[in-house]
Amino acid sequence: MTLDDILASLFPGGHAVTVDNQGLIFGSAPLGEGRANVVGVANKTALGVDEAIKLSARVLDIVAAGGNDPLIVIIDSDSQRMSKRDELLGLSEYLSHLAKALILADFRGIHTVGLLYGHTAAGAFIATALATRTLVALPGAAPEVMDLPSMARVTKLSLDVLKEKAKTTPVFAPGLDNLAQTGAVHEIWDPTTPLDAQLTALLAREAAGDDRDRLGKARGGRPKAADIAARVADLAAGHG
């Protein structure tokens with residue numbers, strides 16, 4: 001589905017969502033009896049300091065305005081921008097600021113929903129889609145926290161070793177199915193049925209809180225994370 005197709009299916013009553021000259025998505029639209037705010041990245045745009053601060057500002061404006069209209073974060077990005085300028089300006093801090101803005105929105109009662117429809121990788125993926133409360137995707141989306149060649153350089157393991165591990169261990173493997181198995185992606189939506197109905201159903205049943213570790217355990221992609229998190233929480237509460 002193209003972005004235009006997605007927006008038409010999400011908001012059949014019309015919308016005021018546009019893509020600016022930086023490849024960033026901004027706008028809002030009627031949703032049920034209320035409205036939804038929309039931000040995001042389109043056209044496989046790399047996320048640099050300029051894009052990150054612009055998205056952060058919009059998210060913080062939405063938080064400051066009050067209310068609890070859901071915030072939909074639509075993503076088809078490259079990775080973070082690999083440039084000397086962005087690195088010297090502190091790109092990691094800008095990406096962190098964007099992620100914290102989205103997390104703040106969630107804490108303030110705004111249900112943030114990430115929607116992956118294209119590519120996304122590395123810091124751009126972490127600071128946008130993975131910073132939302134609930135992450136969904138359409139078939140054909142291609143998310144990756146780190147591709148295998150990059151992982152080989154970081155871990156000093158050979159590419160062949162990582163390819164073998166990726167066959168049985170989803171945390172080693174990029175791609176939509178693997179990220180769904182780990183619980184990072186909550187749902188893969190059906191593009192042949194109206195997206196507005198799927199979004200409305202999601203918003204109706206999703207409770208507050210991050211349940212990625214529990215999803216990962218149930219799906220067999222991260223069998224230990226939920227138990228370890230629960231144990232840490234017990235110890236922190238003095239129940240250990």
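The values are calculated or read from the model by the stated rules, or taken from the named source; none is laboratory data. In this text the structure is predicted, and so the values were computed from the model without any measurement. Every residue, glycine as well, gets a Cβ built from its backbone with ideal geometry; the counts of neighbours run over all protein chains shown.
A quick yes/no check of all residues on (1) at pLDDT below 90; (2) of a type outside the set (D, E, K, R); (3) over 21 Å from GLY220 (Cβ atoms):
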| residue | (1), (2), (3) |
| --- | --- |
| SER150 | yes, yes, yes |
| VAL154 | yes, yes, yes |
| VAL161 | yes, yes, yes |
| LYS165 | yes, no, no |
| THR169 | yes, yes, no |
| HIS186 | no, yes, no |
| TRP189 | no, yes, yes |
| THR192 | no, yes, yes |
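Restricting ALA201, ALA141, ALA226, ALA233 to those that are surrounded by fewer than 20 Cβ atoms within 10 Å (Cβ to Cβ) and modelled with pLDDT of 90 or more reduces the list to ALA201.
Pull up the stretch 1-36, narrow it to residues that are exposed (fewer than 13 other Cβ atoms within 10 Å of the Cβ) and of a type in the set (Asp, Glu), then point me to the one that is nearest to ALA57 (Cα to Cα). Restricting to residues being exposed (fewer than 13 other Cβ atoms within 10 Å of the Cβ) and of a type in the set (Asp, Glu), the top hit is ASP20. Residues that are assigned to a loop (DSSP other than H, G, I, E, B), more than 17 Å from the chain's Cα centre (by Cα) and acidic (Asp, Glu) within the stretch 189-206 comprise just one, ASP190. In the stretch 41-54, the residues that are more than 14 Å from ASP76 (Cα to Cα) form Cβ pairs under 7 Å with partners that are among the acidic types (Asp, Glu) and not in a loop (DSSP other than H, G, I, E, B), at six or more places apart or across chains, as follows: GLY48/ASP86; VAL49/ASP86.
Identification of helices (runs of 4 or more DSSP H) wholly contained in the stretch 74-188 with 1 or more residues that are free of Cβ contacts under 8 Å to residues at least 24 places away in the same chain yields 84-88, 91-107, 148-155, 159-168, 176-181. The numbered conditions (1) more than 18 Å from ALA137 (Cα to Cα); (2) of a type in the set (A, V, I, L, M, F, W, C); (3) under 20 Å from the mean Cα position of the chain (by Cα) are all true for ILE6 except (1). All but one of (1) touching a Lys or Arg at 6+ places or on another chain (Cβ under 8 Å); (2) under 22 Å from PRO191 (Cα atoms); (3) in a loop (DSSP other than H, G, I, E, B) hold for MET1; state the number of the condition that does not hold. That leaves (1) as the condition not met.
Picking from LEU130, LEU135, which residue would you name as being buried (at least 23 other Cβ atoms within 10 Å of the Cβ), under 24 Å from ASP61 (Cα atoms) and not polar (S, T, N, Q)?
Matching residue, one of LEU130, LEU135: LEU135.
Can you pull out the residues in the stretch 6-36 that are in a loop (DSSP other than H, G, I, E, B) and closer than 26 Å to ALA52 by Cα? Please lay out each step first, then the result.
Our first condition is that a residue be in a loop (DSSP other than H, G, I, E, B); within the stretch 6-36, this holds for 11-15, 20-23, 32-33.
Passing the criteria: PHE11, HIS15, ASP20, ASN21, GLN22, GLY23.
Screening the stretch 204-219 for residues that are out of contact with any His (no Cβ under 9 Å at 6 or more places or on another chain) and under 23 Å from LEU7 (Cα atoms) and picking the one that is modelled with the lowest pLDDT gives ARG205.
In the set (1) of a type in the set (S, T, N, Q); (2) in contact with a strand residue (DSSP E or B) (Cβ under 7 Å, 6 or more places away or on another chain); (3) within 16 Å of VAL39 (Cα to Cα), the condition left unmet by ASN68 is number (2).
Cβ-Cβ distances below 9 Å connect the following pairs, each with a first residue in the stretch 217-240 that is touching a residue at least 12 places away in the same chain (Cβ under 8 Å), a second residue that is loosely packed, with under 11 Cβ neighbours inside 10 Å, and a separation of six or more residues or different chains: LYS217/LYS224.
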